[in-house]
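Report on the structure given below.
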Amino acid sequence: MDKAYNFKEAEENLYSKWEEAGYFTPQARFGKGDKDAYSIILPPPNASGKMHTGNVLMVAIEDLLIRWHRMKGDPTVWIPGTDHAGTETQITFEKELKKQGKSRFNYSREEFYSKIKEFVEGNKGEIVQQLRKMGASVDWDRYMFTLDPQVVKTVHETFKKMYDDGLVYRGDYMVNYCVKCGTTYSDVELKHEERQDPLYYVKYERVHKDHGEQYLSVATVRPEPIAEDTHLAVNPKDKKHAKLVGEKVLNPLTGVEMEIIGDEFVDPEFGTGIVKLTPAVDKNDYEVALKHKLPINEVLDLQGKMKGRYEGLSVNDARKKAVEELEQKGLIGKVDEKYMHSVALCKAGHKIEPMILPNWFVKVDAPKKSLKKPALDAVKKGDVKIFPKWQEIKYVRWMEEMRDWPISRQNVWGIRIPVWHRVDGHEVRLWTLFIDKNGQQHQGSIAQHYDNNFSLEEIKAGIQRVLVPFYEEHNQPQIYIGENVPVEGQWIRETDTFDTWFSSGQWPLVTLGYPDSEDFKKFYPTSVLETGWEIIRLWVSRMMMFGYYLTGEPPFKDVYLHGMVRALDGRKMSKSLGNVINPEEYVEQYGVDALRMGLIAGTANGKDFNFPKDRVIAYKHFSNKIWNMGRFLLMMREQWDKEIPRFEDLDKKSLNDEDKKILNGLNKQIEGVEGFLNKFRFADAGEFIYQFMWHEVADSYIEHVKVREDKDVALSVLTHVYMTSLKLLHPFMPFVTEAIYQQMPDHGESIMIEEWPA
RNA sequence: GGAGUUAUAGCUCAGUUGGCUAGAGCGCUUCAUUGACAUUGAAGAGGUCACUGGUUCAAGUCCAGUUAACUCCACCA
């Protein structure tokens, strides 16, 4: 053995040996049957980039659980995959395009899709390499990508089933729309940022001036759609303003009469206690408008240009103009220039405009077949357990509050919604945007395109977007749901793709070959879902809903949520702060085992924690320590010329107190590690072995062995204790333990397939 | 506005159902060292467990309140 442990050599060579020997494929060993099947689905890293520190922690924990169960002899499978991460990947890629002075509209959908695909293939390859490097004992034969054909097939079928069950519907709805990205975001995808904008107090002239003030003052940060407003609102419980309900004022820009309505959503304390209603661009206003059946005048188009009075202007230009006009009329009171308020931003950091657009929705709480109820009850009743327990609160709260889920995304990169709209009839009203053979963009109704002598084939060939206008209840357009276009009639396919989480919500099902594969029968529900707590709402909740909906069972029995790895300065890692830790640097410097074990030691109870650099270094030293313990053991065995009995054959009467003490310690190890792992207390388990091996075996017992007369007994005990400890340690630090194992006497094929000490 | 988490050695953090003479890693001090390992060994310094009150034979641990930090959710025109 070399004097020092060479982690690079071990880490380069061992993985492919394991893989080639087929150790990663599930099999029952030690007489165990399928009843102890153990399965984890790897939360697929985003194919938009490389793996980050959090991914490494995830791999470390899951590989620990997997290797542990595999050694116990359970048929064990860990299924790897990568996620297309629709929106995020498309944004990343569009940024790249922008650097080249191009945009998505320079390409047809197909071209654009294949360009992103190329980009993603590169990332996928890197992620796969990184997973190997981390020692992840995943079964590569079962690898999946979220856009693989069988995934798409299942997702389509689920959508169809849900449609038939009345659990998806198309609705006009106020969505968070980004005019720059050209897509909708769900609430949970947004960020909020504090911004400073002027708050204008606009004066509305009262029609009946017989009681007091001539004007009513209304505070607003967005005066530009005032001309399109039709109503004001006050809180009917507001003593000061209640009497205004039913009164009329004049629109400051158009002079049209506007009625004041009463609704309790108005906060009497804010501003003047009177609000203007612009239902088309404000969520509250929209809901109030629906409730009171007020007209909803569109204010913005999809490009973010104004409609109505300031047709075609940008929001900012329109705002200036509106302020100007109001000032000329003397209808602006005071202006609070330093008004701070929070603004919703999309993933790319653009300002979100609430807009009313047709969208597909998942009905999460339908009276007959609620999706969220079983998913919520399972956790409340303890059928699915969440660790650490306090995270359960977050889950329950979210589930209780969950509203219908918009699943349409205006991305190209994703699974296209399998809905066809019939266009041979009055549906020529459908709005489309397409690019013709010469690269020219055209937008408008299909009827308009026909008037301009474009055929349906030409439109379909260059289609960028289809929008279905609002229809009355009794006049719904004909749609067809399916992969292929129907033979009868003329149809155009929906251009929207599914929200990434709609497909990844079905990930445990598709990876196991739902509904009828052998894997599915054997491994569903999976044993544990291990992931970061920040995607409880985005992902965990959706998997639960789909799991129960499609199979009547939960997708997993336990959920373990690890904390977020923060930077060394205790803050979130972010590019702008420049504090992002690249795990590859640590692998290079300290080795994979040290990094994995260091991270595990940092995450005692699922709380967020600072990247534990000290621990990583400590575990690098530990690798070397145990390596040298092995070296010492071999040396001693060589120097001792008598035969050293196997521990099993040793006459136990020859043991002295020191021997008994260390053997007793070893038994406690076996019990302790198992106990900690069963309770998901990984850091405790790791620290426990660390303390034992270093301070009891090395510092104490080895020193004792040095002075022993009956070295055959002592060395027999030491060999047993050492080898057993290595097995306990293997799931934590797979490379160094295997490297040592290969040097030991009478070693088998691999420590990986050794039996777990019990 | 609502909710959650945290406050323990110089630093980063453990401390599970109350039994603690409060631990680990890193750092620090002194000494040691040729049968493995300087990525070593031995010894040691260092904490009124945020603050105030309460429950208890017993509180770092449970309860109430205060203070501070972080995070999430909802968002106000």
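Here is a yes/no grid of residues against (1) assigned to a helix (DSSP H, G or I); (2) on the phi > 0 side of the Ramachandran plot; (3) within 16 Å of RNA strand B (Cβ to nearest atom):
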site	(1), (2), (3)
A:N284	yes, no, yes
A:L294	no, no, yes
A:N297	no, no, yes
A:R309	yes, no, no
A:E324	yes, no, no
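Name the one entry in A:K607, A:K575 that is out of contact with any Asp or Glu (no Cβ under 7 Å at 6 or more places or on another chain) and away from RNA strand B (no atom under 12 Å from the Cβ). Write out each step before concluding.
Details: A:K607 fails: away from RNA strand B (no atom under 12 Å from the Cβ).
When all the criteria are applied, what remains is A:K575.
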Exercise for the section: Would you point out the residue of the stretch A:213-251, among those that are more than 26 Å from A:E337 (Cβ to Cβ) and of a type in the set (D, E, K, R), that is nearest to RNA strand B (Cβ to nearest atom)? Expected result: A:D238
Exercise for the section: Go through A:G686, A:G675 for me and flag whichever is more than 29 Å from A:A10 (Cα to Cα) and small (G, A, S). Expected result: A:G675
Exercise for the section: List every residue pair whose Cβ atoms sit under 9 Å apart, with the two residues 6 or more apart in sequence or on different chains, where the first one lies in the stretch A:493-518 and is closer than 15 Å to A:Y143 by Cβ and the second, anywhere, is among the acidic types (D, E) and buried (at least 21 other Cβ atoms within 10 Å of the Cβ). Expected result: A:W507/A:D83
Exercise for the section: Among what's in the stretch A:578-604 and is more than 9 Å from RNA strand B (Cβ to nearest atom) and in a loop (DSSP other than H, G, I, E, B), pick the residue that is nearest to A:M134 (Cα to Cα). Expected result: A:G591
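Which one of A:E224, A:E213, A:E193 is exposed (fewer than 13 other Cβ atoms within 10 Å of the Cβ) and not in a strand (DSSP E or B)?
Numbers: A:E224 fails: exposed (fewer than 13 other Cβ atoms within 10 Å of the Cβ); A:E193 fails: not in a strand (DSSP E or B).
Only one candidate qualifies: A:E213.
Would you say A:G672 is in contact with a Phe, Trp or Tyr (Cβ under 6 Å, 6 or more places away or on another chain), touching a residue at least 24 places away in the same chain (Cβ under 8 Å), closer than 30 Å to A:I386 by Cα and within 12 Å of RNA strand B (Cβ to nearest atom)?
Details: in contact with a Phe, Trp or Tyr (Cβ under 6 Å, 6 or more places away or on another chain): yes; touching a residue at least 24 places away in the same chain (Cβ under 8 Å): no; closer than 30 Å to A:I386 by Cα: yes; within 12 Å of RNA strand B (Cβ to nearest atom): yes.
It is false that A:G672 is in contact with a Phe, Trp or Tyr (Cβ under 6 Å, 6 or more places away or on another chain), touching a residue at least 24 places away in the same chain (Cβ under 8 Å), closer than 30 Å to A:I386 by Cα and within 12 Å of RNA strand B (Cβ to nearest atom).
Residue-by-condition table, conditions (1) β-branched (V, I, T); (2) under 22 Å from the mean Cα position of the chain (by Cα); (3) buried (at least 23 other Cβ atoms within 10 Å of the Cβ):
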site	(1), (2), (3)
A:G49	no, yes, no
A:T53	yes, yes, no
A:A60	no, yes, yes
A:W68	no, no, no
A:D74	no, no, yes
A:H84	no, yes, yes
A:E88	no, yes, no
A:F93	no, yes, no
A:K98	no, no, no
Handout entry: Criterion: touching a Lys or Arg at 6+ places or on another chain (Cβ under 6 Å) and assigned to a helix (DSSP H, G or I) - qualifying residue of A:D699, A:D712, A:D684
Key = A:D712
Handout entry: Listing of helices (runs of 4 or more DSSP H) fully contained in the stretch A:391-461 that carry 2 or more residues being within 16 Å of RNA strand B (Cβ to nearest atom) and open to solvent by less than 10 Å² (accessible area, probe 1.4 Å)
Key = A:391-401
Problem - Condition check for A:V487: modelled with pLDDT of 95 or more and not in a strand (DSSP E or B) - result: no
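Identify, please: which residue in the stretch A:228-237 is open to solvent by 20 Å² or more (accessible area, probe 1.4 Å) and of a type outside the set (V, I, T) and is, among those, farthest from A:P279 (Cα to Cα)?
Just the residues of the stretch A:228-237 that are open to solvent by 20 Å² or more (accessible area, probe 1.4 Å), to begin with: A:228, A:230-231, A:236-237.
Of the ones still in play, those that are also of a type outside the set (V, I, T) are A:228, A:231, A:236-237.
Details: A:E228: 10, A:H231: 10, A:P236: 19, A:K237: 22 Å.
Selected residue: A:K237.
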Exercise for the section: Determine which single condition A:L65 fails, assuming it passes every other condition in (1) over 30 Å from A:E671 (Cβ atoms); (2) in a helix (DSSP H, G or I). Expected result: (1)
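Just to be sure I understand, how many residues within the stretch A:484-532 are within 16 Å of RNA strand B (Cβ to nearest atom) and surrounded by fewer than 21 Cβ atoms within 10 Å (Cβ to Cβ)? Working first, answer last.
Going through the stretch A:484-532, the residues within 16 Å of RNA strand B (Cβ to nearest atom) turn out to be A:499, A:501, A:531-532.
Next, only the ones that are surrounded by fewer than 21 Cβ atoms within 10 Å (Cβ to Cβ) stay: A:532.
Of the residues in the stretch A:484-532, 1 are within 16 Å of RNA strand B (Cβ to nearest atom) and surrounded by fewer than 21 Cβ atoms within 10 Å (Cβ to Cβ).
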Problem - Unmet requirement for A:Q743, which otherwise passes all of (1) open to solvent by 10 Å² or more (accessible area, probe 1.4 Å); (2) part of a loop (DSSP other than H, G, I, E, B); (3) away from RNA strand B (no atom under 16 Å from the Cβ) - result: (3)
Practice task
Mind listing whichever residues of the stretch A:26-57 are over 21 Å from A:F556 (Cβ atoms) and among the hydroxyl-bearing types (S, T, Y)?
Solution key: A:S48, A:T53
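The values are calculated or read from the model by the stated rules, or taken from the named source; none is laboratory data. Bear in mind the structure is a predicted one, so any value in this text is a computation, not a measurement. Using ideal geometry, Cβ is built from the backbone for each residue, glycine included, and neighbour counts are taken over all protein chains shown. These area figures cover heavy atoms from the full protein model, side chains too; ligands, DNA and RNA do not enter into them. Shrake-Rupley method; radii C 1.70, N 1.55, O 1.52, S 1.80 Å.
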